[in-house]
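A.B. asks: Below is the structure I would like to discuss, written out as structure tokens.
The values are calculated or read from the model by the stated rules, or taken from the named source; none is laboratory data. Owing to the predicted nature of the structure, the values given are computational and were not obtained by experimental measurement. Here the Cβ positions follow ideal geometry from the backbone for every residue, glycine too, while neighbour counts run over all protein chains shown. Note: areas computed on protein heavy atoms with side chains; ligands, DNA, RNA excluded. Shrake-Rupley method; radii C 1.70, N 1.55, O 1.52, S 1.80 Å.
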Amino acid sequence: MEEFRMLSTSGILGYGYAEESLRIGMSWEPHVIGCDGGSTDPGPYYLGSGKSFTSRLSVKRDLRLMLQAATAAGIPCIIGTSGGAGGEPHLQATAELVREIAREDNLSFKMALIHSEQPKDDLLSWANAGLTRPLAGLPPLDAERIARAERVVGMMGPEPFMKALDNGAQVILAGRSSDPAQWAGPAIRAGMAPAPSWYAGKMLECGAEPTVPKEPDCIFLRVRNDHVVCEPPNPIRRSTPLAVANFALHENSSPIHHVEPGGLLDTSACRFIPVSDRAVKVDGMTWTPAEQYTIKLEGVEKVGYRAITICATRDPVLISQIDSYLETHRAKVQMKAESFGVPRDAYSMHVHCYGKNGVMGPREPVTEIRGHELSFVVEVVAQDQDTANAVLAMARTSMLHADFPGRLCKEGNMAFPFSPSDIDMGAMYRFSVFHTVAVQDPCAMFPIEYEMV
């Protein structure tokens with residue numbers, strides 16, 4: 001093929017897109033339509049809990065329009081990192097939604113489910129064989145870390161998508177996948193060179209992000225032998241050299257070297273050339289195959305249970321001494337908790353002070369408080385929800401009523417925007433597995449299940 005065309009509907013399935021964008025994009029005759037379904041950006045909770053960070057209502061709307069368009073055009077519809085995190089519960093929930101839409105709209109197709117959740121016995125075997133390596137400063141993967149993990153997924157490359165297409169799948173739902181892989185796979189399978197195929201994937205993974213104005217919407221990529229052309233279907237948006245180049249820098253430790261399953265995408269020599277006032281040609285990218293194919297593993301473990309309360313003050317006397325006030329508050333909570341039989345090591349408490357350093361914490365370079373009001377998120381984490389709730393109640397009472405020098409108001413110090421004031425957050429997770437595993441077969445970790453829908 002001289003050109004392979006792909007339409008991405010949005011940055012995340014469920015974020016929404018304009019129906020007119022979809023209509024125009026489909027009129028450009030794409031060979032594949034799809035959307036990335038998830039990310040680690042929203043944090044570890046969703047992988048641990050098995051829940052999605054997008055609503056079922058919005059996902060169903062986005063997915064329904066895509067399935068209708070794909071089946072009408074006879075092209076594949078591909079969803080990567082299904083359900084937000086790509087674990088087995090996320091994959092199954094997305095598959096059930098597809099079946100539901102098919103029943104309601106009288107659609108028929110062959111569907112592939114690509115599983116990415118990894119059995120703990122396999123993880124232990126790989127670790128014992130010395131096949132795993134830690135990332136992000138974590139210690140080596142061992143039996144204890146594996147046992148504590150709530151769920152571990154592998155981040156698949158393009159090969160499982162290619163295999164599913166080879167076997168006639170018209171709708172592909174994948175577990176956790178590298179964001180560009182769901183796009184690189186079909187393009188490489190169609191005969192396009194790896195470098196522009198992977199680069200196209202980088203552009204497609206976040207929908208209309210490489211455009212102005214930027215918001216969730218569709219993007220269209222034309223992949224050719226040595227370059228790609230990026231253009232938004234929506235006439236209110238434009239891909240400009242600056243917007244496309246800026247987007248190419250995101251989400252990597254290096255702005256020009258992008259490590260992917262099976263190799264390295266190098267964008268250091270890329271050129272961004274406008275071909276119209278709405279489209280940009282990008283060339284100069286290169287792809288270097290890895291000597292050893294590796295798969296990234298992502299896993300989370302339960303830390304405890306969390307409760308929070310939100311409050312605010314605009315008392316200038318209190319704001320002027322907020323650091324000492326919070327130190328006193330912490331000591332009072334500790335003393336009160338111990339009087340109720342809750343030892344200090346049974347919980348952790350953090351007070352996030354917005355208007356001072358709530359965003360950056362100790363890294364905040366601005367030390368002077370410049371606003372007239374401060375907002376606080378008081379967070380307590382304990383091994384069980386009852387303890388977290390109990391300590392939070394003490395912390396809320398102390399924030400509200402504690403005395404301080406020069407205090408004029410003899411009632412509450414804080415304004416609480418919500419009733420109930422105490423919010424039960426449930427289980428709290430943290431990323432505990434960020435490792436790679438060396439593999440010989442890029443598809444072996446990702447079994448594919450087929451069904452006629």
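A.B. asks: Compute the Kirkwood hydrodynamic radius of segment 153-305, taking the inverse of the mean of 1/r over all pairs of distinct Cα atoms, and give it in Å to one decimal.
C.D. replies: Details: mean 1/r = 0.0618 Å⁻¹.
When all Cα pairs of segment 153-305 are included, the Kirkwood radius is 16.2 Å.
A.B. asks: Would you compute, from DSSP H runs of 4+ residues alone, the mean residue ellipticity of the chain at 222 nm, taking -39500 (n - 2.57) per run and dividing by the full residue count, rounded to the nearest 500? Please report the intermediate quantities before stating the final value.
C.D. replies: Working: 13 runs with 139 residues, N = 453.
Mean residue ellipticity, 222 nm, calculated: -9000 deg cm²/dmol.
A.B. asks: Could you sort LYS60, LYS120 by accessible area so the largest value comes first, with the probe set to 1.4 Å?
C.D. replies: Final ranking, largest accessible area leading: LYS120, LYS60.
A.B. asks: If you don't mind, another one. Taking the convex hull of the Cα atoms, report for segment 1-100 its projected area averaged over all directions, in nm². Kindly include the intermediate steps, with their values, before the conclusion.
C.D. replies: Details: hull surface 26.7 nm².
Average of the hull's projected areas for segment 1-100 equals 6.7 nm².
A.B. asks: Still on this structure, I have one more. Of all alpha-carbon pairs in segment 222-282, indicate the percentage at a distance above 20 angstrom. Walk me through the intermediate numbers first.
C.D. replies: Working: 555 of 1830 pairs.
Looking at segment 222-282, the distances longer than 20 Å represent 30 percent of pairs.
A.B. asks: Out of the total accessible area of segment 53-130 (probe 1.4 Å, heavy atoms of protein only), what percent is carbon and sulfur? If you can, show how the numbers build up before the last one.
C.D. replies: Details: 1570 of 3030 Å².
About 52 percent, which is the carbon plus sulfur part of the accessible surface.
A.B. asks: Have a look at GLY371, ASN413, SER348 and report the one farthest towards the positive end of the charge dipole of segment 348-419, computed about the Cα centre with Cβ charges (Lys/Arg +1, Asp/Glu -1).
C.D. replies: My answer, from the dipole projection, is GLY371.
A.B. asks: Could you work out how far apart the two model spin labels at GLU411 and VAL377 are, taking each label as a point 7 Å from the Cα in the direction of the beta carbon, and quote it in nm?
C.D. replies: Result: 2.8 nm between the two label points.
A.B. asks: Would you please calculate the Kirkwood hydrodynamic radius of segment 96-164 over all C-alpha pairs and express it in Å, rounded to one decimal?
C.D. replies: By the Kirkwood definition, the hydrodynamic radius is 15.1 Å.
A.B. asks: R0 = 30 Å: FRET efficiency of ASP41 with GLN292, Cβ-based, nearest 0.05? Show your work: numbers first, answer last.
C.D. replies: Details: r = 28 Å, r/R0 = 0.93.
The value I calculate is 0.60.
A.B. asks: Using every alpha carbon pair in segment 273-325, what percent of pairs falls into each 10 Å bin from 0 up to the bin containing the largest distance?
C.D. replies: Histogram of Cα-Cα distances, whole percents per bin: 12, 15, 13, 16, 18, 25, 1.
A.B. asks: Would you mind working out the magnitude of the charge dipole of segment 90-178 relative to its Cα centre, with +1 at each Lys and Arg C-beta and -1 at each Asp and Glu C-beta, to the nearest 20 Debye?
C.D. replies: Values: 10 positive and 12 negative charges, 31 e Å.
Using only the charged Cβ atoms, the result is roughly 140 debye.
A.B. asks: Multiply the residue separation of ARG56 and MET335 by 0.36 nm, subtract the distance between their alpha-carbon atoms, and state the gained length in nm to one decimal. Walk me through the intermediate numbers first.
C.D. replies: Values: separation 279, 0.36 × 279 = 100.44 nm, distance 4.45 nm.
Once the chain is fully extended between ARG56 and MET335, it gains 96.0 nm.
A.B. asks: Roughly how many nanometres apart are two label points built 7 Å out from the Cα toward the Cβ at ASP277 and ASN128?
C.D. replies: Result for the modelled spin labels: 6.7 nm.
A.B. asks: What distance in nm separates the two pseudo spin-label positions at SER253 and GLU364, each 7 Å out from Cα along the beta-carbon direction?
C.D. replies: Going by the 7 Å Cα→Cβ label model, 3.0 nm.
A.B. asks: Taking all pairs of distinct Cα atoms, average 1/r, flip it, and tell me the Kirkwood hydrodynamic radius of the chain in Å to one decimal place.
C.D. replies: On the way: mean 1/r = 0.0413 Å⁻¹.
So the Kirkwood estimate lands at 24.2 Å.
A.B. asks: What does the convex hull of the Cα atoms come to per residue for segment 345-453, in Å³? Please list the in-between numbers first.
C.D. replies: On the way: hull volume 29.8 nm³, N = 109.
That works out to 273 Å³ per residue.
A.B. asks: At 1.4 Å probe size, put MET155, MET335 in order of accessible surface, largest to smallest.
C.D. replies: If we order MET155, MET335 from most to least accessible, we get MET335, MET155.
A.B. asks: Right, another one. Where a Cα-Cα gap under 29 Å defines reach, which lysines qualify for LYS410, not counting those fewer than 8 residues away within the same chain?
C.D. replies: LYS332, LYS336, LYS356
A.B. asks: Kindly sort VAL342, VAL212 by accessible area of their heavy atoms, largest first, with the probe set to 1.4 Å. Intermediate values should be presented prior to the final figure.
C.D. replies: Working: VAL342 20, VAL212 55 Å².
Highest to lowest solvent-accessible surface, that is VAL212, VAL342.
A.B. asks: Given a 1.4 Å probe and every protein chain left where it sits, what share in percent of the accessible area of segment 144-271 is carbon and sulfur?
C.D. replies: Values: 2170 of 4250 Å².
Carbon plus sulfur share of accessible area: 51 percent.
A.B. asks: Also: Placing +1 on the Cβ of each Lys and Arg and -1 on the Cβ of each Asp and Glu in the chain, which of PRO140, ALA402, MET1 has its Cα farthest towards the positive end of the resulting dipole?
C.D. replies: Towards the positive end, the residue furthest out is ALA402.
A.B. asks: Also, I was wondering about something else. Along the charge dipole of the chain, Cβ charges K/R +1 and D/E -1, which of GLY262, GLY426, SER27 sits furthest on the positive end?
C.D. replies: Toward the positive end, the furthest listed residue is GLY426.
A.B. asks: Could you size up the charge dipole of the chain around its Cα centre, putting +1 on the beta carbon of Lys and Arg and -1 on that of Asp and Glu, and report it in debye to the nearest 20? Each step should come with its number before you reach the end.
C.D. replies: Working: 42 positive and 54 negative charges, 129 e Å.
The dipole magnitude comes to about 620 debye.
A.B. asks: Let me ask something else. Kindly rank 70-83, 227-240 from highest to lowest mean number of other beta carbons found within 10 Å of each residue. Don't jump to the answer; show the numbers that get you there.
C.D. replies: Working: 70-83: 23.3, 227-240: 21.8.
Peptide ranking by packing, descending: 70-83, 227-240.
A.B. asks: Can I ask one more? Please return the longest range in the chain lying between exposed loop sites, taking GluC sites (Glu not before Pro), DSSP loop only, at most 10 other beta-carbon atoms within 10 Å, and leaving the sites out. Display every interim value, and only then the final one.
C.D. replies: On the way: sites that count: GLU2, GLU291, GLU368, GLU411.
Longest run free of exposed loop sites: 3-290.
A.B. asks: Express in whole angstrom the spacing between the alpha-carbon centres of segment 217-296 and segment 71-140.
C.D. replies: 25
A.B. asks: Can you check what the net charge comes to around SER276, using other residues whose Cβ is under 14 Å from the Cβ of SER276 (Lys, Arg +1; Asp, Glu -1)? Mind dumping the intermediate values first?
C.D. replies: On the way: positive: ARG222, ARG237, ARG238, ARG278, LYS281; negative: GLU231, ASP277.
Surrounding charge for SER276 is +3.
A.B. asks: A further question on this structure: Would you grab the residues whose amide H sits under 5 Å from the one on GLU260? Only those 5+ places off in sequence or on another chain, please, with H modelled 1.01 Å from N.
C.D. replies: When sequence neighbours closer than 5 places are left aside, the close amide H contacts are LEU265.
A.B. asks: Still on this model: Please compare each pair in LYS51/LYS163; LYS120/LYS302; LYS60/LYS163; LYS163/LYS202; LYS60/LYS302; LYS51/LYS296 to a cut-off of 24 Å on the Cα-Cα distance and tell me which ones are over it. All intermediate terms of the calculation are to be shown ahead of the outcome.
C.D. replies: Working: LYS51/LYS163 28 Å; LYS120/LYS302 16 Å; LYS60/LYS163 26 Å; LYS163/LYS202 21 Å; LYS60/LYS302 30 Å; LYS51/LYS296 21 Å.
From LYS51/LYS163; LYS120/LYS302; LYS60/LYS163; LYS163/LYS202; LYS60/LYS302; LYS51/LYS296, over 24 Å: LYS51/LYS163; LYS60/LYS163; LYS60/LYS302.
A.B. asks: Please work out how much length the chain gains when fully extended from MET1 to ARG103, using 0.36 nm per residue of separation minus the C-alpha to C-alpha distance, in nm with one decimal.
C.D. replies: Working: separation 102, 0.36 × 102 = 36.72 nm, distance 3.53 nm.
So the chain would gain 33.2 nm between MET1 and ARG103.
A.B. asks: If you filter segment 399-453 for trypsin sites (Lys or Arg not before Pro), then keep DSSP loop positions with at most 10 other Cβ within 10 Å, what is left? If you can, show how the numbers build up before the last one.
C.D. replies: Values: sites: ARG407, LYS410, ARG430; in loops: ARG407, LYS410.
Listed in order of number, the matching sites are LYS410.
A.B. asks: Just to confirm the filter: which chymotrypsin sites (Phe, Trp or Tyr not before Pro) across segment 325-399 are DSSP coil and have at most 15 other Cβ within 10 angstrom of their Cβ? Let's see the in-between values first.
C.D. replies: Details: sites: TYR325, PHE340, TYR347, TYR354, PHE376; in loops: PHE340.
Within segment 325-399, the qualifying chymotrypsin sites (Phe, Trp or Tyr not before Pro) (loop, at most 15 other Cβ atoms within 10 Å) are PHE340.
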